[in-house]
Amino acid sequence: MALENIVERCQDLYEDLDFTSVRAWKEAGANRKVIGHMPVYVPRELIHAAGMLPVGILGGGDQLDVIHGDAYYQSYICRIPRSTIELAITGRLDCLDGMLFPSTCDVIRNLSGMWQLKFQDKLIRYFDVPQNFHRDIGGVFYTRELQGFRDALSDLAGHEISDDDIRASIDLYNKNRQVIAELYAYRSAEPWQVPTPEVYLLMRAGMLLPVDEHTQLVHDYIAAAKAVERPVRDNCRVVINGLFCEQPPLGLLKSIEMAGCYVVDDDFMLVARWLLHEVPMDGDPIHNLSDAFITYSSETSCKYVPNKKDKGKYLVDSVRRSGAEGVIFASPSFCDPALLDRPMLQNALAAHGIPYTAFKFAENSGQLQPIREQAGTFADSIKLWSAA
Amino acid sequence: MTTAASQQADVQKEESMLLQKAMIGANFDALSTAHEEGKKVSSTFVPGNLNELLMCFDFVRNLPEINALQSAMRKKSGGYVMEAERSGHSEDVCSYVKSDLGMMAKGQLGPTGKPLPTPDVLLLSYTGCFTFMKWFELVRDQYDCETAMLHVPYQADGKITDNMRDFVVMQLKEQVIPTLERVSGVKFDIDRLRENLRESAKAEDDLVWVLQSAKNRPSPIDAYFGGIYYCGPIFSAFRGSKEATAYYVALRKEVADRIEQGLGPVTPEGVMDEERIRLVVEGPPNWTHFRDFWKMFYDEGAVVVASSYTKVGGVYDYGFRHDPDNPIETLADYCLGCYTNHSLPARVDMLCDYMEEYNADGFLNNSIKSCNSFSAGQLLMLREIEERTGKPAGFIETDLVDPRYFSPANVKNRLESYFQMIEQKKARGDSRTAA
Ligand code: SF4
Ligand code: SF4
């Protein structure tokens with residue numbers, strides 16, 4: 001497939017707030033079920049192993065007119081829950097048979113209760129992950145939680161989910177993680193070839209498509225991107241941080257690139273990159289998923305860092321690994337996790353002499369000019385710095 | 001207000017308030033001299049605090065939220081919040097956190113003006129609020145001390161599962177207790193813990209009795225503005241101590257006397273004359289204008305008969321008591337059971353129960369800008385409660401310790417129209433009953 005066609009397909013998926021592709025998937029077979037999940041992390045392998053389609057629900061972005069949602073939230077709460085409620089109230093989420101609310105923050109936690117009050121006919125689950133990373137403590141808790149989740153899914157599916165089913169799903173998601181790692185490595189090596197708005201759209205497509213289809217799409221994209229030559233600009237290289245939950249308007253990502261920054265790492269759609277290595281295929285698959293979370297999962301503002309000295313290390317590592325020259329913090333307005341974390345991350349960067357800049361956004365931010373100017377000034381200062 | 005009633009009020013105020021004031025003052029004194037006296041200091045949050053356990057290791061106990069609210073009542077928090085914002089903290093985040101960090105940046109003087117010591121251990125019971133975890137990391141960043149983190153899972157489905165309890169128990173036994181032993185140099189003695197828990201249970205019995213006294217007409221207490229004082233010792237550094245037990249015995253006696261005399265709640269201006277409106281309130285109070293805020297209620301004859309905030313440091317009125325026979329498990333159940341660790345449907349059920357059991361005329365939500373844990377979802381809760389109870393619901397917005405978010409005229413206007421609506425509804429109901 002040609003590059004433009006792939007990007008166009010992803011763009012169409014992104015813009016389709018009616019979840020047409022998900023409805024089509026559901027109608028293509030008897031008794032197919034779909035489970036929605038909010039950011040940041042749920043083990044999609046188990047949903048897939050139950051024969052169901054996991055679908056990332058990421059709010060309404062800047063395309064949705066929020067009419068009802070504002071009546072559910074005070075002005076000082078972030079945007080994503082109100083546009084998510086709007087999607088549900090307007091019937092757009094009717095195709096979902098269940099909804100998962102991971103333990104990301106108090107807003108998503110409480111949204112699980114709102115769903116319990118309003119949409120009682122669905123499988124609704126608050127998905128608690130441990131903030132204790134000892135195998136014998138947090139690991140034991142999480143393994144049992146995963147088992148409980150597996151049981152709930154098999155009740156909904158009306159059949160057992162075997163260990164082999166889970167292994168087969170782990171295999172597919174391992175392949176997906178691998179191709180996404182390739183995509184990120186390619187962007188970091190030749191960012192002019194892989195514009196970040198395109199990476200974003202590809203990652204968003206992965207929130208809707210069946211995993212094998214998404215894996216193929218990313219393969220195709222990499223091949224197509226390698227086949228074209230795009231102009232190299234004198235941009236600086238940045239890591240962007242804070243986009244793990246509420247989604248940036250696409251225009252914000254475009255603005256950053258247009259302002260002279262190549263994004264070489266990010267925290268979009270972390271569910272797809274949460275487990276940092278392959279999950280083993282042999283042995284007890286539930287234990288393997290649990291152990292992967294406990295021992296080699298990614299980091300974001302929603303996760304506790306047990307040792308003070310490690311705070312912010314993941315971001316410094318990301319800068320080093322991707323050869324970035326600075327970090328742009330783009331945090332959702334009123335997001336306690338991102339905004340409370342930011343000063344600590346900034347301290348860690350400062351200790352390593354890594355420059356940063358910071359601004360806030362909302363999923364429906366329309367005024368992007370100030371962000372573009374700020375990113376432009378940041379890019380210029382980095383260039384001056386490196387020239388000096 | 002009758003003179004006799006005013007005199008009575010002064011007497012009552014002196015007995016219970018002075019006792020509590022002395023306890024709090026002594027704790028701030030103990031904190032300021034702890035290190036000189038060779039004592040170790042712990043710092044921990046209110047919901048899910050493990051006071052009985054910390055006492056087993058002779059820690060002098062510091063609670064940052066108490067410092068923040070005490071600073072707010074003394075009009076100091078505004079400056080602290082601004083200080084934190086100047087040093088890079090967002091205007092959008094919880095003001096408790098910023099007040100604490102600003103206080104640290106400005107020399108770590110406690111609300112009474114005495115220095116607060118650097119803690120020897122930070123203990124996080126991560127219960128009912130995600131922000132605690134970030135607050136804890138931010139405070140940890142400033143100190144070079146040991147830390148213990150207790151992850152308390154959320155009761156999303158309205159029940160405590162074995163897995164949740166086992167997880168908390170395991171963390172207590174294998175991580176929290178050994179850390180406290182190591183830092184304090186005191187060996188853990190389970191019988192000492194049992195003894196403290198026994199004291200807690202006695203105080204909890206009396207606290208529940210006091211809170212439930214609001215079922216009387218007139219209510220002898222205000223279960224929000226007054227309730228906050230009544231919960232002070234049990235929510236903070238005193239639960240499990242003999243002083244706390246004695247405080248609640250004295251308080252219970254005072255309230256019993258008020259019931260006998262048919263008296264209403266004691267307010268800062270004496271005993272309330274006439275109880276016109278009975279309210280259930282959801283959400284924390286505003287601390288920066290606490291007295292002005294309270295006055296907006298008692299001036300209109302509105303008394304709060306039940307509140308959720310008085311359950312934030314432990315829900316006792318559904319039967320839970322600290323159990324000395326199961327000392328570690330009971331600590332787990334306590335942490336799991338704090339109000340904001342309950343799901344939204346469970347919170348709605350609890351508030352609807354209160355509306356009925358306490359014969360309330362209305363439900364009022366004080367929505368706090370700072371607090372996502374309480375606030376996210378409150379508008380839906382409000383509609384549910386209004387629908388289920390058929391009683392008028394009101395909504396106001398303030399903040400905990402950031403004075404910029406308390407607009408007296410606005411809050412007063414809203415309250416006045418809300419109270420009018422309740423009175424009209426009551427009058428209509430009364431005339432229907434009469435007909
Ligand atoms: S944007 Fe932040 S506060 Fe809002 S739901 Fe996401 S993590 Fe929570
Ligand atoms: S968010 Fe609410 S519960 Fe959490 S620390 Fe702030 S005020 Fe307390």
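So is B:GLY48 more than 16 Å from ligand 1 (Cβ to nearest atom), within 14 Å of another protein chain (Cβ to nearest Cβ) and modelled with pLDDT of 90 or more or not? Lay out the reasoning, then the answer.
Working: more than 16 Å from ligand 1 (Cβ to nearest atom): yes; within 14 Å of another protein chain (Cβ to nearest Cβ): yes; modelled with pLDDT of 90 or more: yes.
Yes, satisfied.
Listed here are the residues, each with its yes/no results for (1) in a loop (DSSP other than H, G, I, E, B); (2) within 22 Å of A:PRO210 (Cβ to Cβ).
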position: A:VAL279; (1), (2): yes, yes
position: A:HIS287; (1), (2): no, no
position: A:SER290; (1), (2): no, no
position: A:THR295; (1), (2): no, no
position: A:SER301; (1), (2): yes, no
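More than 14 Å from chain B (Cβ to nearest Cβ) and either within 21 Å of A:ARG342 (Cα to Cα) or under 18 Å from the mean Cα position of the chain (by Cα) (or both) - does that describe any residue in the stretch A:299-312?
In the first step, residues of the stretch A:299-312 are kept if they are more than 14 Å from chain B (Cβ to nearest Cβ); the result is none.
Checked against the condition, which is being more than 14 Å from chain B (Cβ to nearest Cβ) and either within 21 Å of A:ARG342 (Cα to Cα) or under 18 Å from the mean Cα position of the chain (by Cα) (or both), the stretch A:299-312 yields no hits at all.
Which of the following residues is within 14 Å of chain B (Cβ to nearest Cβ) and either within 28 Å of B:GLU146 (Cβ to Cβ) or touching a helix residue (DSSP H, G or I) at 6+ places or on another chain (Cβ under 7 Å) (or both): A:ARG372, A:ARG342? Full working, then the answer.
Details: A:ARG372 fails: within 14 Å of chain B (Cβ to nearest Cβ).
Testing whether each residue is within 14 Å of chain B (Cβ to nearest Cβ) and either within 28 Å of B:GLU146 (Cβ to Cβ) or touching a helix residue (DSSP H, G or I) at 6+ places or on another chain (Cβ under 7 Å) (or both) leaves just A:ARG342.
One line per residue, one yes/no per condition, for (1) under 25 Å from A:VAL316 (Cα atoms); (2) in contact (Cβ under 8 Å) with a residue 12 or more places away in the chain; (3) not charged (D, E, K, R):
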| residue | (1), (2), (3) |
| --- | --- |
| A:ALA225 | no, yes, yes |
| A:ARG230 | no, yes, no |
| A:ARG237 | yes, yes, no |
| A:ILE240 | yes, yes, yes |
| A:SER255 | yes, yes, yes |
| A:GLY260 | yes, yes, yes |
| A:VAL263 | yes, yes, yes |
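Quick check: anything in the stretch B:104-111 more than 10 Å from chain A (Cβ to nearest Cβ) and touching a strand residue (DSSP E or B) at 6+ places or on another chain (Cβ under 7 Å)? Let's see the steps before the verdict.
Filtering the stretch B:104-111 for residues more than 10 Å from chain A (Cβ to nearest Cβ) gives B:104-111.
Next, only the ones that are touching a strand residue (DSSP E or B) at 6+ places or on another chain (Cβ under 7 Å) stay: B:108-109.
Within the stretch B:104-111, one or more residues are more than 10 Å from chain A (Cβ to nearest Cβ) and touching a strand residue (DSSP E or B) at 6+ places or on another chain (Cβ under 7 Å).
Residues in the stretch A:49-61 that are out of contact with any strand residue (DSSP E or B) (no Cβ under 8 Å at 6 or more places or on another chain) and either within 16 Å of ligand 2 (Cβ to nearest atom) or of a type outside the set (A, V, I, L, M) (or both): how many?
The total comes to 4.
Could you check, for the stretch B:319-337, whether at least one of its residues is surrounded by 19 or more Cβ atoms within 10 Å (Cβ to Cβ), within 14 Å of another protein chain (Cβ to nearest Cβ), out of contact with any Asp or Glu (no Cβ under 9 Å at 6 or more places or on another chain) and touching a residue at least 12 places away in the same chain (Cβ under 8 Å)?
yes
Filtering the stretch B:344-370 down to residues that are surrounded by fewer than 23 Cβ atoms within 10 Å (Cβ to Cβ) and closer than 30 Å to B:LEU53 by Cβ, which residue is farthest from ligand 1 (Cβ to nearest atom)?
Restricting to residues being surrounded by fewer than 23 Cβ atoms within 10 Å (Cβ to Cβ) and closer than 30 Å to B:LEU53 by Cβ, the top hit is B:MET350.
A:LEU64: away from ligand 2 (no atom under 16 Å from the Cβ), surrounded by fewer than 23 Cβ atoms within 10 Å (Cβ to Cβ) and within 14 Å of another protein chain (Cβ to nearest Cβ), yes or no? Write out each step before concluding.
Details: away from ligand 2 (no atom under 16 Å from the Cβ): yes; surrounded by fewer than 23 Cβ atoms within 10 Å (Cβ to Cβ): yes; within 14 Å of another protein chain (Cβ to nearest Cβ): no.
No: the conditions fail for A:LEU64.
Just need a number here: residues in the stretch A:273-306 that are more than 16 Å from ligand 1 (Cβ to nearest atom) and out of contact with any strand residue (DSSP E or B) (no Cβ under 9 Å at 6 or more places or on another chain). Don't jump to the end; show me each part of the working.
Narrowing the stretch A:273-306 to residues more than 16 Å from ligand 1 (Cβ to nearest atom): A:273, A:275-297, A:305-306.
Right, trim to out of contact with any strand residue (DSSP E or B) (no Cβ under 9 Å at 6 or more places or on another chain) and you get A:273, A:277-288, A:290-291, A:294-295, A:305.
So the answer is 18.
Hey, could you check the stretch B:115-131 for residues that are within 10 Å of another protein chain (Cβ to nearest Cβ) and at pLDDT below 95 and say which is nearest to the chain's Cα centre (by Cα)?
Checked the stretch B:115-131; the qualifying residue nearest to the chain's Cα centre (by Cα) is B:GLY128.
State the number of residues belonging to the stretch B:253-270 that are in contact with a Ser or Thr (Cβ under 7 Å, 6 or more places away or on another chain) and among the hydrophobic types (A, V, I, L, M, F, W, C). Step through it out loud before you land on a result.
Residues of the stretch B:253-270 in contact with a Ser or Thr (Cβ under 7 Å, 6 or more places away or on another chain): B:254-255, B:259, B:264-265, B:270.
Of the ones still in play, those that are also among the hydrophobic types (A, V, I, L, M, F, W, C) are B:255, B:259.
So the answer is 2.
State yes or no: is B:GLU243 touching a residue at least 40 places away in the same chain (Cβ under 8 Å), farther than 21 Å from B:SER200 by Cβ and in contact with a helix residue (DSSP H, G or I) (Cβ under 8 Å, 6 or more places away or on another chain)? Lay out the reasoning, then the answer.
Working: touching a residue at least 40 places away in the same chain (Cβ under 8 Å): yes; farther than 21 Å from B:SER200 by Cβ: no; in contact with a helix residue (DSSP H, G or I) (Cβ under 8 Å, 6 or more places away or on another chain): yes.
Answer is no for this residue.
Under 7 Å between Cβ atoms, which residue pairs at least 6 apart in sequence (or on different chains) link something in the stretch A:52-81 that is within 17 Å of B:ARG383 (Cβ to Cβ) and in contact (Cβ under 8 Å) with a residue 24 or more places away in the chain with a partner that is within 16 Å of ligand 2 (Cβ to nearest atom) and in a loop (DSSP other than H, G, I, E, B)?
Within 7 Å, the pairs are A:ILE77/A:PHE334; A:ILE77/B:ALA376; A:PRO81/A:TYR73; A:PRO81/B:ALA376.
Okay, residues lined up against (1) away from ligand 2 (no atom under 16 Å from the Cβ); (2) within 24 Å of B:THR288 (Cα to Cα); (3) among the basic types (Lys, Arg):
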site: B:ALA84; (1), (2), (3): no, yes, no
site: B:SER90; (1), (2), (3): no, yes, no
site: B:LYS98; (1), (2), (3): no, yes, yes
site: B:LEU116; (1), (2), (3): yes, yes, no
site: B:PRO119; (1), (2), (3): yes, no, no
site: B:LEU123; (1), (2), (3): no, no, no
site: B:TRP135; (1), (2), (3): no, yes, no
site: B:ARG140; (1), (2), (3): no, no, yes
site: B:ALA148; (1), (2), (3): yes, no, no
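Tell me which helices (runs of 4 or more DSSP H) are completely within the stretch A:313-388 and hold 3 or more residues being within 16 Å of ligand 1 (Cβ to nearest atom) and within 20 Å of the chain's Cα centre (by Cα), or say none if there are none.
Values: elements: A:313-322, A:336-351, A:369-387.
The helices (runs of 4 or more DSSP H) meeting that bar are A:336-351.
Only residues that are at pLDDT 95 or above, touching a helix residue (DSSP H, G or I) at 6+ places or on another chain (Cβ under 7 Å) and of a type in the set (D, E, K, R): list them for the stretch B:1-43, please.
B:LYS40
Quick test for you: out of A:LEU87, A:LEU96, pick the one residue that is away from chain B (no Cβ under 13 Å) and in a loop (DSSP other than H, G, I, E, B).
Working: A:LEU87 fails: in a loop (DSSP other than H, G, I, E, B).
None of the others qualify; the one that does is A:LEU96.
For the stretch B:343-382, name all the residues that are part of a helix (DSSP H, G or I), within 13 Å of ligand 2 (Cβ to nearest atom) and within 24 Å of B:ALA214 (Cβ to Cβ). Please lay out each step first, then the result.
Here is the first cut: in the stretch B:343-382, the ones part of a helix (DSSP H, G or I) are B:344-357, B:372-375, B:378-382.
Subsequent filtering for residues that are within 13 Å of ligand 2 (Cβ to nearest atom) retains B:372-375, B:378.
Correct list: B:PHE374, B:GLN378.
Please state which one of B:THR340, B:THR389, B:THR398 is more than 20 Å from B:TRP294 (Cα to Cα), within 16 Å of ligand 2 (Cβ to nearest atom) and among the β-branched types (Val, Ile, Thr). Reasoning before the result, please.
On the way: B:THR389 fails: within 16 Å of ligand 2 (Cβ to nearest atom); B:THR398 fails: more than 20 Å from B:TRP294 (Cα to Cα).
Result: B:THR340 is the single residue among B:THR340, B:THR389, B:THR398 that is more than 20 Å from B:TRP294 (Cα to Cα), within 16 Å of ligand 2 (Cβ to nearest atom) and among the β-branched types (Val, Ile, Thr).
Of all the residues that make up the stretch B:289-334, how many are of a type in the set (A, V, I, L, M, F, W, C), assigned to a helix (DSSP H, G or I) and over 26 Å from B:SER71 (Cα atoms)? Write out each step before concluding.
Within the stretch B:289-334, the subset of a type in the set (A, V, I, L, M, F, W, C) is B:290, B:293-294, B:296-297, B:302-306, B:312, B:315, B:320, B:328, B:331-332.
If we keep only those that are assigned to a helix (DSSP H, G or I) as well, we get B:290, B:293-294, B:296-297, B:328, B:331-332.
Those still in the list that are over 26 Å from B:SER71 (Cα atoms) too: B:328, B:331-332.
Number of matching residues: 3.
Give all pairs with beta carbons closer than 7 Å in which a residue from the stretch B:82-97 that is free of Cβ contacts under 8 Å to residues at least 12 places away in the same chain meets a residue that is within 13 Å of ligand 2 (Cβ to nearest atom); count only pairs at least 6 apart in sequence or on separate chains.
Close Cβ pairs satisfying both conditions: B:SER90/A:LEU339; B:ASP92/A:PHE334; B:ASP92/A:LEU339.
For the stretch A:53-63, check the following and say yes or no: at least one residue is more than 16 Å from ligand 1 (Cβ to nearest atom), modelled with pLDDT under 95 and either of a type in the set (A, V, I, L, M) or within 21 Å of A:PRO332 (Cβ to Cβ) (or both). Write out each step before concluding.
From the stretch A:53-63, those more than 16 Å from ligand 1 (Cβ to nearest atom) are A:53-55, A:63; that's our starting set.
Those left that are additionally modelled with pLDDT under 95: A:63.
If we keep only those that are either of a type in the set (A, V, I, L, M) or within 21 Å of A:PRO332 (Cβ to Cβ) (or both) too, we end up with A:63.
Taking every residue of the stretch A:53-63 in turn, at least one turns out to be more than 16 Å from ligand 1 (Cβ to nearest atom), modelled with pLDDT under 95 and either of a type in the set (A, V, I, L, M) or within 21 Å of A:PRO332 (Cβ to Cβ) (or both).
Looking only at helices (runs of 4 or more DSSP H) that lie completely in the stretch A:106-207, which have at least 2 residues being closer than 22 Å to B:ASP157 by Cα and within 14 Å of chain B (Cβ to nearest Cβ)? Explain how you work it out, then say what you get.
Details: elements: A:106-118, A:140-157, A:163-189, A:196-205.
Output list reads A:106-118, A:140-157.
Taking the stated definitions as given, is B:SER370 within 14 Å of chain A (Cβ to nearest Cβ) and among the small types (Gly, Ala, Ser)?
On the way: within 14 Å of chain A (Cβ to nearest Cβ): yes; among the small types (Gly, Ala, Ser): yes.
Yes; evaluated as a whole, the condition is true for this residue.
The values are calculated or read from the model by the stated rules, or taken from the named source; none is laboratory data. These figures come from a predicted structure and were not determined experimentally. Positions of Cβ are backbone-derived with ideal geometry, glycine not excepted, and every protein chain shown enters the neighbour counts.
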